[in-house]
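Visitor: Have a look at the structure that comes next, please.
Any read-out appearing in this document is the output of simple, stated calculations on the displayed coordinates, not a laboratory observation. On a predicted model such as this, the values are computed, not experimentally measured, just so you know. Every residue, glycine as well, gets a Cβ built from its backbone with ideal geometry; the counts of neighbours run over all protein chains shown.
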Amino acid sequence: MTKLLLIGLGGFVGAVLRYAVGGGVQNLSKSIAFPYGTIAVNVIGCFLIGGLAYLADTRSLFSANTRMFLFIGVLGAFTTFSTFANETLELIRGSNQGLAVLNIVLHFLLCISAVVVGRYATSLIWR
């Protein structure tokens, strides 16, 4: 029961952060045609999971409960892959294939790069 509560609490935190960060970035972009907020949330989430995974792997910094709270709860709710998939489909359905491809390529390149950079940056900080 404790595990479910930790994951649920983390999910609440992650969902609220996703709404705030994604909405904030989307508003700053002043775009209704392209999901900049979703890209920002996914890249930030990938960077964070890269850095936190590095700490978990190399420093054993987190207990099992903390990992559940952070990785499954907070970051699971914060990152928005299902939103990315739906927005991509909506771009395709709206005959915006070029933007759909751009969305896929940017998510793929930026998010994988963010995991790598997150791990590397954390390794430099936590030498």
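Visitor: Considering only Thr38, Gly8, Phe84, whose Cα is most displaced toward the positive end of the charge dipole of the range 2-125, charges sitting on Cβ of Lys, Arg (+1) and Asp, Glu (-1)?
Guide: The Cα lying farthest towards the positive end belongs to Gly8.
Visitor: Can you give the angle from 0 to 90° between the axis of helix 97-125 and the longest principal axis of the chain, with both taken from C-alpha atoms, to the nearest 10?
Guide: Between the helix axis and the principal axis of the chain, the angle is about 20 degrees.
Visitor: Search the structure for amide H atoms under 5 Å from the amide H of Thr80, placed 1.01 Å from N in the peptide plane, and list their residues when 5 or more places away or on another chain.
Guide: Asn42
Visitor: Here's another thing I want to ask about it. Please determine, in degrees from 0 to 90 and to the nearest 10, the orientation of helix 36-59 with respect to the longest principal axis defined by the Cα atoms of the chain, where the helix direction is its Cα long axis.
Guide: Approximately 20 degrees, to the nearest 10.
Visitor: So what's the gap between the Cα centers of the range 81-104 and the range 1-56, to the nearest angstrom?
Guide: Centre-to-centre (Cα) distance: 19 Å.
Visitor: Mind ordering 40-49, 104-113 by average Cβ neighbours within 10 Å, highest first? Write down the numbers at each step before the final one.
Guide: Numbers: 40-49: 22.5, 104-113: 14.9.
Put in order of decreasing packing, that is 40-49, 104-113.
Visitor: Taking each pair of different alpha-carbon atoms in the chain once, compute 1/r for the pair, average those values, and report the inverse of that mean as the Kirkwood hydrodynamic radius in Å to one decimal.
Guide: On the way: mean 1/r = 0.0649 Å⁻¹.
Radius from the Kirkwood sum: 15.4 Å.
Visitor: By how many nm would the segment from Trp126 to Ile92 lengthen if fully extended, with 0.36 nm per residue of separation less the alpha-carbon distance?
Guide: Numbers: separation 34, 0.36 × 34 = 12.24 nm, distance 4.32 nm.
Length difference between fully extended and current span is 7.9 nm.
Visitor: Still on this structure, I have one more. Where in the range 28-87 are there trypsin sites (Lys or Arg not before Pro) that are in a DSSP coil and have at most 16 other Cβ atoms within 10 angstrom of their Cβ? Walk me through the numbers on the way to the answer.
Guide: Numbers: sites: Lys30, Arg59, Arg67; in loops: Lys30.
Passing sites in the range 28-87 are Lys30.
Visitor: In degrees from 0 to 90, rounded to the nearest 10, what is the angle of the helix 2-29 Cα long axis to the longest principal axis of the chain?
Guide: 40
Visitor: At 222 nm, what value in deg cm²/dmol follows for the chain if DSSP H runs of at least 4 each add -39500 (n - 2.57) and the sum is divided by all its residues, to the nearest 500?
Guide: Details: 6 runs with 102 residues, N = 127.
Dividing the helical sum by the residues of the chain leaves -27000 deg cm²/dmol.
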